[in-house]
Amino acid sequence: RALAGLSHAGTSEKQKGLAMGAVVPLVMRGTAPVMSWTPKANGMPLREQSVERLMDLYAHTDAGLAKAFAEGMAIDKVASAGADEAAAAMMAKPAKGSPMAGGMMGARPLAAVEPAGPAPKPARPFREFIEAAEAAAKFMTTAGGPRIGALSFDGWDTHANEGSVSGPLAGRFGGLDGAIRAFAEGMGPAWKDTVVLLVTEFGRTARANGTAGTDHGTGSVAVLIGGAVKGGRVLADWPGLRDSDLYEGRDLKQTRDLRSITKGILRDHLGIPEGALGETVFPGSAGVKGVEGLLG
């Protein structure tokens, strides 16, 4: 909904969003055009001749599939190309007259990272985090690229043997840290105009359970990172950990509406008016004001 309200004056296309992963997350689904990409699985890549033949086949049999295939191949070129090649891939028109989506200039980007879901089977140590972050930076710094991106990293549902200091959770935090570093380095000079918001779809309990893990809880934490952020601070009304301080005796109390954080970023970073945020982006939330002073 925020993407749909962004200005696209001066561009021939209106594609302004980026979804990283096999499935476009709900937060990126709507009327605004969104490009999506997921790291390649191991396997044989398509040869150039095969791509051309498929382009020709789809152009004569299924215009919708031809468009989707052309977009996918162009996006994949960006992920594996250098800056000049990436710009050409983003703006080029596909063969045989098949249309391809372009996008907004990648100025003042916003990337959202959403840890969620059950842990996958162990593979290369969180390489999927790094690859997604590296590719996201390429897309967002390419001329004609998206302005807002969403990455979803799985494996945070730690009901047992959590290992917050040394173990599965600590390892995933290390992978997330590596992804943030890779994204920051990939953004280059654009990092100074970038905001990264890390959120989770659920909190955890304040105490460990009987299997050395934590169950689903209420309160959690959001993290803001980026060159555009006025950082080095913790913004919180700390409720405490005594039984009387916990929500229902088990969870951290909620002290701040996450929408207020998001509103503050969308308003001050991307220029979306407060009225639109309360009526359209977050319907019925006019009473939740955006936090002031989040950006430097």
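Taking 45 Å as R0, compute the FRET efficiency from the Cβ-Cβ separation of Leu258 and Ala63 and round it to 0.05.
That pair, Leu258 with Ala63, gives E of 0.65.
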Cα-based Kirkwood hydrodynamic radius, region 130-236, one decimal, Å: 15.5 Å
Spin-label zone in region 221-258 - amide nitrogen under 17 Å from a point set 7 Å from the Cα of Arg1 along the C-beta vector: 257-258
In order through region 56-64: 3J(HN,Hα) via Karplus (6.51 cos²θ - 1.76 cosθ + 1.60), integer Hz, x for Gly, Pro: 5, 4, 5, 4, 9, 10, 8, 4, x
13 Å Cα-Cα reach of Lys263 towards aspartates and glutamates, excluding residues that sit fewer than 8 places from it in its own chain: Glu274, Glu279, Glu292
Across Lys77/Lys230; Lys67/Lys138; Lys77/Lys192; Lys138/Lys289, pairs whose alpha-carbon gap is larger than 30 Å: Lys77/Lys230; Lys138/Lys289
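Each reported figure results from applying straightforward, stated rules to the coordinates on display, with no laboratory input. Worth saying up front: this structure is predicted, and the values here are computed from it rather than measured. Quick reminder, even Gly has a Cβ in these numbers, built from the backbone with ideal geometry, and neighbours come from all protein chains shown.
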